[in-house]
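Read the structure below first, then the notes.
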Amino acid sequence: MNTCCVRETAENKVWGRIGELKHLKSKKPDLILGICGCMTQQPEVGEKIRRRAPHVDIIFGTHNVHQLPQLIGRVKEERKTIIDIWETEGDIVENLPSKRVEGVKSYVTIMYGCNNFCTYCIVPYVRGRERSRDVADIAREVAQLAGEGYKEVMLLGQNVNSYGKDLNPRIEFADLLIELENIGDIFRIRYMTSHPRDFNDRLIKVIAESKKICEHFHLPVQAGGNSVLKRMNRGYTKEEYIELVRKIREQIPDASITTDLIVGFPGETDDDFAETMDLLEKVRFDAAFTFVYNKRSGTPAAEMQGQVPDEVKKARIQKLISLQNTISTERNLLEIGKNHEILVERRNKGNPVLMEGRTRTNKLVLFKGGEDLKGQMVTVNIVDSGTWHLDGEMLKGNYS
Ligand code: SAM
Ligand code: SF4
């Protein structure tokens, strides 16, 4: 079981699942249960699992995933719970076997870890420092995916904009994108996540000139109040963020911009929250992931004065979601009448007459069509819209 610990709800779910697996283990005593990931990488969690759930066989962290075969071997031999959690990251291990979900798009990790230490976030503590994979290794993986029939790749990293800073010679994320652009049979390149502080003019230019890099910018802003942003250690002001959005829209007018937002960070006042609402009005995001601040022990923000009461957080998140939903609905209405290139992904689960896919700007589009369209690029005319999706009609004879 792989785990996440960014928010407490994720951790609580894992404890529930570990409990459920006890029954399975008693029915099948030879089953080997392993727990890994960010949750186990936190201090003392490994011991806590051993104490509370003796039916778990292997507990390992984020830095020694490549050792799984050896850990399974040891458990079979020693017949006791094995805890093996490395405190620090080692070198990147390449060529590990991977099992991918069938489909038209695939994920490619380009870097591990994070150096940013946003004060609310546990990630740097459980994932270690930034390590970038070599361009040649990434290019080889993308070419292999193209050969297997994938049409779109999503490049993954906690802060892809600082890709390459640790490589020798040092290179920029933009250089990696230029390199990947040359791989035939991959039609679309996406990436996640970008840090607004590190998004430079050259990168905007490379994306604007590219045929494959999609015009979707996921730029987590987190908050609108400058004092909150400062205490979050985000490294930019509200004004700098708005200027970045202006530059992107100047060069790529049709770009969609999405974000992550946190409400109720320690010390967030009504005025600070009003700044976040104002930012939403000014930027007009296409969509946003909204979070209530969650106190993660081990992070600086957990020790900060002025923790915001739950009922205040609840009221603020409702207002935030309501405003963002209105804006998303209005932004989607502007799409009606436009033609979009769609990469068809699958049949729609709710209505099987419909196929679904995404625009280059990452908007979900539903339209009538057959199974044979899966994996094809089609042009769709948008005829209607909602808060989270668009409805379209496929223009005939437009396969590519
Ligand atoms: N690296 C990415 C970035 O810089 O935005 C995202 C990684 S983080 C795992 C995903 C999102 O979770 C963050 O953008 C933030 O909004 C949210 N998040 C992280 N820690 C949180 C916390 N303690 N409480 C609430 N939300 C949190
Ligand atoms: Fe966490 Fe992202 Fe900040 Fe890194 S950049 S500390 S992953 S929120």
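The values are calculated or read from the model by the stated rules, or taken from the named source; none is laboratory data. Keep in mind that this is a model prediction, so the values were computed, not measured. As a convention, Cβ positions derive from the backbone with ideal geometry for all residues, glycine included, and neighbour counts pool all protein chains shown. Only protein heavy atoms, including side chains, enter the accessible area calculation; ligands, DNA and RNA are left aside. Shrake-Rupley method; radii C 1.70, N 1.55, O 1.52, S 1.80 Å.
Quick check: with the 1.4 Å probe, what order do R170, R284, R202 take by accessible area, largest first?
Correct descending sequence by accessible area is R170, R202, R284.
Between beta-carbons, use under 14 Å as the cut-off and find the net charge around R74, counting Lys and Arg +1, Asp and Glu -1.
-1
Gaussian network model of the chain, Cα springs within a sub-10 Å range: biggest mean-square fluctuation belongs to which of T119, T326, T379?
Comparing T119, T326, T379 in the GNM, the peak value goes to T326.
How big is the accessible area of D270 in square angstrom, nearest 10, if you roll a 1.4 angstrom probe over the protein chains?
Surface open to solvent at D270 totals about 110 Å².
May I ask for the equivalent-ellipsoid semi-axes of the chain, computed as the square root of five times each C-alpha gyration tensor eigenvalue and listed largest first in whole Å?
In descending order the semi-axes read 35, 29, 23 Å.
Quick check: pseudo-label points 7 Å beyond the Cα along Cα→Cβ at K99 and D134, how many nm apart are they?
Output for this residue pair reads 2.9 nm.
Please give the per residue accessible area of segment 43-97, computed with a probe of 1.4 Å over protein heavy atoms only, in Å².
Roughly 66 Å² per residue, with all protein chains present.
Quick one: check the C-alpha center-to-center distance for segment 298-316 versus segment 145-181, whole angstrom.
One Cα centre to the other: 36 Å.
Using a 1.4 angstrom probe on the protein heavy atoms only, line up C121, C214 by accessible area, largest first.
The residues order as C121, C214, largest area first.
Tell me the mean residue ellipticity at 222 nm calculated for the chain from its helices only (DSSP H runs of n ≥ 4, each -39500 (n - 2.57), averaged over every residue, nearest 500).
-10500 deg cm²/dmol
Once a ≥ b ≥ c are taken as the square roots of the eigenvalues of the Cα gyration tensor of segment 27-71, is the result rounded (a/c under 1.5), prolate (a/b larger than b/c) or oblate (a/b not larger than b/c)?
Judged from the Cα gyration tensor, segment 27-71 comes out oblate (a/c at least 1.5, b/c at or above a/b).
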